[in-house]
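The values are calculated or read from the model by the stated rules, or taken from the named source; none is laboratory data. Quick caveat, the model's predicted, so the values are computed rather than measured. Counting neighbours? That spans all protein chains shown, and the Cβs are built from the backbone with ideal geometry, glycine included. In case anyone asks, the SASA skips ligands and DNA or RNA and just uses the protein heavy atoms, side chains included. Shrake-Rupley method; radii C 1.70, N 1.55, O 1.52, S 1.80 Å.
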Amino acid sequence: MDERVVAQLGSRDVDAVQPLFHEVFTQPPWNDDWSDTTRLRRYLLDLLEPSGSLCFGLYKQGVLIGLSLGRVLYWYSGTEYHIQEFCIKKCEQAKGLGADFLVRMEPLLLQQGIESILLSTNRTAPSYEFYRKQGFNELADYIHLYKNIPKE
């Protein structure tokens, strides 16, 4: 019997998503400061709300151990699933579960007419090599630009 299940998530799941997300992204290599739990909850609800969102959870023996939080983008070249956040519970990492999660998501995406997956990561983060091994390629002409708004 297969003990892993992928299920679609929504805003009703925020209480299960928040501790897993916090655990993964406040530790190395990310070290994000999510001490403002109200801001974290709002961020997660923005990703989990139904309008355009598409989120999945990976469950192992009924326990949520993985997240894929993203949006569906209807682009001129086809429909894309843009992953905003992807993680596996820290104690479950390096066991092939992230790769398995992506493979299990693909038929669910195809059923919804989604033809490709788009995501961003830092070249120096371990996730970069993980995604490359899963068949993700860099978009040569695609770059993210960032600007802090000056405070007066």
**Request:** Could you list, in sequence order, all residues of the stretch 34-81 that are surrounded by fewer than 17 Cβ atoms within 10 Å (Cβ to Cβ), in contact with a strand residue (DSSP E or B) (Cβ under 7 Å, 6 or more places away or on another chain) and over 25 Å from Glu3 (Cβ atoms)?
**Result:** Gly52, Val72, Leu73, Gly78, Thr79
**Request:** Please identify the pairs in which a residue from the stretch 20-31 that is closer than 20 Å to Lys60 by Cβ has its Cβ atom under 9 Å from the Cβ atom of a residue that is open to solvent by 40 Å² or more (accessible area, probe 1.4 Å) and of a type in the set (S, T, N, Q), counting only partners at least 6 apart or on another chain.
**Result:** His22/Thr37; Val24/Gln93; Phe25/Asn31
**Prompt:** Considering Ser116, Ser120, which residue is polar (S, T, N, Q), at pLDDT 90 or above, in contact with a strand residue (DSSP E or B) (Cβ under 6 Å, 6 or more places away or on another chain) and within 21 Å of Ser77 (Cβ to Cβ)?
**Reply:** Ser116
**Asked** What is the residue count in the stretch 4-24 for residues that are buried (at least 18 other Cβ atoms within 10 Å of the Cβ) and either in contact with a Pro (Cβ under 7 Å, 6 or more places away or on another chain) or within 16 Å of Glu92 (Cα to Cα) (or both)?
**Response** 5
**Message:** Condition (residue is buried (at least 19 other Cβ atoms within 10 Å of the Cβ), part of a helix (DSSP H, G or I), at pLDDT 95 or above and in contact with a Lys or Arg (Cβ under 9 Å, 6 or more places away or on another chain)) applied to the stretch 89-109: is it met by at least one residue?
**Reply:** yes
**Asked** Tally time: how many residues in the stretch 48-71 are more than 21 Å from Asp100 (Cα to Cα) and either in a strand (DSSP E or B) or more than 12 Å from the chain's Cα centre (by Cα) (or both)?
**Response** 5
**Fill in**
Checked pairs for the stretch 131-152, first at negative phi, second in a loop (DSSP other than H, G, I, E, B) and at pLDDT below 85, C-beta under 6 Å and 6 or more apart or across chains, list as none
